[in-house]
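Chemist: Dropping a structure here in structure tokens format, bear with me for questions.
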Amino acid sequence: MSNSNDDAAQAPETVAAQGLGWIDTATGAVTPGIQPSSTFLRDPDNQYRRGRAYARADNPTFDQPEAVLASLEKGAAAALFASGTAAATACFLALRPGDHVVAPKVMYWSLRNWLATYARDWGLGVDFVDMTDPAALIRTMKLGKTRLVWVETPSNPLWSITDIAAVANIVHAAGARLIVDSTVATPVLTQPLTLGADIVMHSATKYLNGHSDVVAGALIARVEDDYWERIKAVRVQGGGILGSFEAWLLMRGLRTLFPRVRTAVANAAKLADALERNPQVVEVLYPGLAGFAGHDIAARQMAGGFGAMLSIRVAGGEAAAIAAAAKVKIWKRATSLGGVESLIEHRRSVEGADSPCPPDLLRLSVGIESVDDLIADLEQALAIG
Ligand SMILES: Cc1ncc(COP(=O)(O)O)c(C=O)c1O
């Protein structure tokens, strides 16, 4: 494979659509193929001059999507993982027992549960704070002990906004690192590394792949330091790697990242507007609404839109919310987010009683269908009777 484009001159839309312009030099194929081999030939003099020995350590099909993600996030390097969860947990497992970390109270629920259980059992000190409150973060930092602060913005499922630049200042003043789960913002709308984050994490299952047919994760580092090497060692030695076919599918999805995200974001903005006027909706949680707490920060930090995730709180409480979700015809009742098809979910049923998610909340992942169809379907589902 080779990189036929001059990377420095490319706009991110071009980087994504052309996969940095890589072609298969052997065949001229503009879409580099899948390399399924688990092992690579050793040279007669006992060296590995081509630089590859075994696919758990080094899979050539990762090269292009990793290079594209590093470019889109303006990082020095990227690494693919078997899932967003594998990427996220690698960041914590690369620390040492006794280290202290701070994470948001509102974040992807399954990772919050892992931090509160496994990570603590393993020996990390874990504190959860309201990450939208810088004073609370400052109070929670333990000088000399806090190694890592985790941010998710916009954060599941309330879409609260964290000021990445402000948090980065606090974190770096305490000698710690900042990692941002930017799954919902995508590199189309926010580049956390340019705002001071040290590493960006994505559940590539979501917008990066975009078609609800791959589970994958990615990390992108601002610098390739010792910590990054430890994270990569967790991937190689832990062994939970992405498959070649999934890496190739992810690259296929990345090519259309920009038009997909932009269409979904435009749909979400129109939908949020319509839902604000719906009498069956008590509250619309969407960072694009002027009245939303964190809207001003989002307007500064997110370029080109406020994401395509929103939640509504339904008049009549939990039973009414579940009943409305039962009546949709076009929206799909399913978990996950970031695919081309719109998904609706009663989130408390997923997260359980100890979640900060209110019981009357429906989470909406807005896709790229006709927004009129999406609005009409939700309005009929919400209508009483
Ligand atoms: C914001 C966010 N982060 C991380 C994850 C975990 O990713 P995965 O399901 O790919 O392990 C998810 C999954 O829903 C998510 O929504």
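Chemist: Considering only protein heavy atoms and a 1.4 Å probe, what is the carbon-and-sulfur percentage of the accessible area of segment 141-244?
Modeler: Values: 1580 of 3200 Å².
Using a 1.4 Å probe with all protein chains present, segment 141-244 comes out at 49 percent carbon and sulfur.
Chemist: Rank these by accessible area, largest first, 1.4 Å probe: LYS329, LYS142, LYS232, LYS206. Walk me through the numbers on the way to the answer.
Modeler: Working: LYS329 155, LYS142 85, LYS232 60, LYS206 35 Å².
Ranked list, largest accessible area first: LYS329, LYS142, LYS232, LYS206.
Chemist: Please report, as a whole percent, how much of the solvent-accessible surface of segment 255-385 comes from carbon and sulfur atoms (probe radius 1.4 Å).
Modeler: Looking at segment 255-385 in its full context, I get 57 percent from C and S.
Chemist: Leaving out same-chain residues fewer than 8 places away, which aspartates and glutamates sit with a Cα under 17 Å from that of LYS329?
Modeler: Reachable aspartates and glutamates: GLU341, GLU345, GLU369, ASP372, ASP373, ASP377, GLU379.
Chemist: What angle, in degrees between 0 and 90 and rounded to the nearest 10, separates the Cα long axis of helix 60-72 from the longest principal axis of the Cα atoms of the chain?
Modeler: Roughly 60 degrees between the two axes.
Chemist: Report the dimensions of segment 125-183 along its three principal axes from the alpha-carbon atoms, largest first, rounded to Å.
Modeler: The principal-axis extents, from largest down, are 32, 19, 16 Å.
Chemist: On the full set of protein chains, 1.4 Å probe, figure out the accessible area of MET141 and give it in Å² to the nearest 10.
Modeler: Taking all protein chains as shown, MET141 has close to 30 Å².
Chemist: Let me ask you something else. On a 0 to 90° scale, report how tilted helix 244-254 is relative to the longest principal axis of the chain, with both axes built from alpha carbons and the result rounded to the nearest 10.
Modeler: That helix lies at roughly 60 degrees to the long axis.
Chemist: Ignoring the sites themselves, what is the longest stretch of the chain with no GluC sites (Glu not before Pro) in a DSSP loop and at most 16 other beta-carbon atoms within 10 Å? Don't skip to the answer; put the middle values down first.
Modeler: On the way: sites that count: GLU224, GLU341.
Maximal segment without exposed cleavage sites: 1-223.
Chemist: Normalised by the number of residues in the chain, what is the relative contact order in percent for Cα pairs under 8 Å and 6+ residues apart?
Modeler: Relative contact order comes out at 16 percent.
Chemist: Here is a further query. When you have a sec, figure out the Kirkwood radius of segment 17-176 from all distinct Cα pair distances and drop it here in Å to one decimal?
Modeler: 18.7 Å
Chemist: If you don't mind, another one. Counting only the heavy atoms of the protein chains, how much of TYR54 is accessible to a 1.4 Å probe, in Å² to the nearest 10?
Modeler: It works out to around 110 Å².
Chemist: Out of every Cα-Cα pair in the chain, what percent are more than 37 Å apart?
Modeler: 22 percent
Chemist: What ³J(HN,Hα) values, in whole Hz, does the Karplus curve 6.51 cos²θ - 1.76 cosθ + 1.60 give for segment 272-285 when θ = phi - 60°, with x put for Gly and Pro?
Modeler: Along segment 272-285, the couplings run 4, 4, 5, 5, 4, 8, 7, x, 7, 10, 6, 7, 10, 9 Hz.
Chemist: Please list, by residue number, every one of the trypsin sites (Lys or Arg not before Pro) in segment 244-275 that is coil in DSSP and has at most 15 other beta-carbon atoms within 10 Å. Walk me through the numbers on the way to the answer.
Modeler: On the way: sites: ARG252, ARG255, ARG260, ARG262, LYS270; in loops: ARG255.
Those that pass, being in a loop and sparsely packed, number zero.
Chemist: What whole-number value in Å² describes the accessible area per residue of the chain for a 1.4 Å probe?
Modeler: Numbers: 15690 Å² over 385 residues.
Per residue, the chain has an accessible area of 41 Å².
Chemist: For segment 253-375, count all C-alpha to C-alpha pairs, find those more than 20 Å apart, and express that count as a whole percent of the total.
Modeler: Pairs farther apart than 20 Å: 42 percent.
Chemist: While we're looking at this one, here's another question. What fraction of the Cα pairs in segment 15-91, stated in percent, has a spacing above 17 angstrom? Write down the numbers at each step before the final one.
Modeler: Numbers: 1733 of 2926 pairs.
Everything past 17 Å amounts to 59 percent.
Chemist: Take the Cα pairs of segment 159-217, get the Kirkwood Rh, then feed it into Stokes-Einstein at 37 °C and 0.692 mPa s and tell me D in µm²/s.
Modeler: Roughly 268 µm²/s, to the nearest whole number.
The values are calculated or read from the model by the stated rules, or taken from the named source; none is laboratory data. All of these numbers come straight from a predicted model, not from anything done at the bench. When we count neighbours, we look across all protein chains shown, and the Cβ atoms used for this are built from the backbone with ideal geometry, even at glycine. These area figures cover heavy atoms from the full protein model, side chains too; ligands, DNA and RNA do not enter into them. Shrake-Rupley method; radii C 1.70, N 1.55, O 1.52, S 1.80 Å.
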